[in-house]
Structures are given as structure tokens and as C-alpha cells.
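Structure, as C-alpha cells:
The values are calculated or read from the model by the stated rules, or taken from the named source; none is laboratory data. Just so it is clear, the model here is predicted, and its values are computed rather than measured. Positions of Cβ are generated from backbone atoms using ideal geometry, with glycine treated the same way; all protein chains shown enter the neighbour counts.
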Amino acid sequence: MAKKRTAILISGRGSNMQALVQAMQAPDFPAEPAVIVSNRPEALGLAWALERGLKAVAIDHRQFATRMAFEARLHQTLVDHGTELICNAGFMRLLTGGFVDRWKDRQLNIHPSLLPAFPGLHTHRRVLESGALITGCTVHFVRLEMDSGPIIAQAAVPVMPGDTEDSLAARVLEAEHKLYPLALFMVASGAVRVEAETAVFLPRLNVPPPLIVPQPA
Ligand code: GRF
């Protein structure tokens, strides 16, 4: 089966992008990189991608008068590179309904909590303040509302005594790097479809379960 051409949208460090690119290098992975787009020219992830000879471009949102003008350029760039799937990986721009609808069920996002708990910014701080003992990360299809949409895969991560925002973020990030390639594998191989705003998994395909739950030590 042809590999799904997958664009990755970033705004910064790009460690999830790296995990996706590395996973896509496996010969039997059902997706391949199409283009990496950063809305920030100075993003470290953009430099990483260019150094490795990947197709990567900056589309600086500050150069556009309106959100829609920025999105029109972004859309055209994706189309020009034959994009079939989009992975948002630390992409810090809100997208309008026009863009979200055009890529409906073809655009994924990763968020560092067990959605629908703790959407939005400062996730780890709010998890620590809540006293929750388990957090994690979620890959979902993108919808207009931030950090909402059908859930594709989740990983559970324990909150440890004495955790700081940084220590918790680092533990969750490790799980993100495993979960995002797994979720992309499932979507690109055609193992997931959306029914009534819920992701449904086709049992006939031989794909790993969409859940990572560590055993207690
Ligand atoms: C990740 O924690 C991701 O879940 C969130 O932003 C962070 C991006 O990190 N949306 P990186 O740029 O992938 O390293």
C-alpha cells in the first residue's frame, strides 16, 4: 500500500516531529514525510529538519494580515507537497473552521494530558495543582475547539511525589514520543475511522492497541 504523505506542523523544539520522522524511516511504516512547516522561522525543529535534508519551510504568521491569509498559504503549501495527513506537533496557532474542516479526520494533534481533562496551556502546572495521581498524553483528530476531537490514542503517566512542572513534562514527553508514532501508524494504515465523533478501530487490521498503560513498578 502507498505510504500516506504526512505533513508535520511545528512552532518550536520539534521533539515530537523528530519522533514521527524517525518512525517514518522504517520500511514498513505506512506514512512518509511530505513537508514540515513551522510558523516560526527561528524554531529549533525547523533547523533540525533542514539539516537532515527534509522538505521544511517557514510560513511566518506575522507576515500575513489575517489568520485566513496565513491559512490559505499553509493549505497551498500542504497541497503542493501532496499532503494526505497532517500531524500538529507543538504547533501553537489556533486554526479557523475553514482550515479545520478542509482537513477533517486527516489532521492529528498531540496534547500532554489525558483529554478531555486539562485542555489548553500550562497543562502540567494545573495537573500538579489538581492533585491528580495519573496524567498522560492524548493524540486526537483536530476539531475547532482547542484540544478537542475524537481520541485516537492515549498513554497514562504517573505523577510522582515531588514532581515539578519540568520533571512531569519530561516524563510525559517520553510517552508522547512513543504514542504519536503509534497513533500515526494506526491512522495511516487505515485502522481508524470516525463514527459519531468517536474514533472506531477496525479489528481486522493487525495494529497495536491504542493505549499505553505502564505497569506499577
Ligand atoms: C508537547 O508537549 C506537545 O504535547 C505540546 O507541545 C509540546 C511540543 O514539544 N502540544 P515538541 O516541540 O514536540 O518538543
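Would you mention how many residues in the stretch 8-48 are among the aliphatic types (A, V, I, L, M) and within 12 Å of the ligand (Cβ to nearest atom)? Qualifying residue count for the region: 11.
A Cβ distance below 7 Å, combined with a sequence gap of six or more or placement on separate chains, defines the contacts here; from the stretch 191-208, residues that are modelled with pLDDT of 90 or more reach no residue that is surrounded by fewer than 10 Cβ atoms within 10 Å (Cβ to Cβ) and not in a strand (DSSP E or B). Considering the stretch 22-62, the residues that are more than 18 Å from L78 (Cα to Cα) and polar (S, T, N, Q) include one that is surrounded by the most Cβ atoms within 10 Å (Cβ to Cβ), namely Q22. Could you please let me know if V139 is among the hydrophobic types (A, V, I, L, M, F, W, C), within 11 Å of the ligand (Cβ to nearest atom) and in contact with a Cys (Cβ under 8 Å, 6 or more places away or on another chain)? No; evaluated as a whole, the condition is false for this residue. Taking the criterion of being outside any helix (DSSP H, G or I), surrounded by fewer than 17 Cβ atoms within 10 Å (Cβ to Cβ) and not aliphatic (A, V, I, L, M), the residues of the stretch 107-136 that qualify are P116, P119, G120, H122, G131. Looking across the stretch 118-152, just one residue is touching a Phe, Trp or Tyr at 6+ places or on another chain (Cβ under 9 Å) and either modelled with pLDDT under 95 or basic (K, R) (or both), and that is R126.
Could you check the stretch 161-184 and list, in sequence order, the residues that are more than 11 Å from the ligand (Cβ to nearest atom), in contact (Cβ under 8 Å) with a residue 24 or more places away in the chain and small (G, A, S)? The one that is more than 11 Å from the ligand (Cβ to nearest atom), in contact (Cβ under 8 Å) with a residue 24 or more places away in the chain and small (G, A, S): A183.
Has the stretch 41-51 got at least one residue that is without any contact (Cβ under 8 Å) to a residue 24 or more places away in the chain and in contact with a Lys or Arg (Cβ under 9 Å, 6 or more places away or on another chain)? Checking the stretch 41-51: not a single residue is without any contact (Cβ under 8 Å) to a residue 24 or more places away in the chain and in contact with a Lys or Arg (Cβ under 9 Å, 6 or more places away or on another chain). Checked against the criterion of being over 18 Å from the mean Cα position of the chain (by Cα) and touching a residue at least 24 places away in the same chain (Cβ under 8 Å), the stretch 11-20 has no qualifying residue.
Determine whether V187 is away from the ligand (no atom under 12 Å from the Cβ), buried (at least 21 other Cβ atoms within 10 Å of the Cβ), in a helix (DSSP H, G or I) and not polar (S, T, N, Q). When the stated conditions are applied, V187 passes them.
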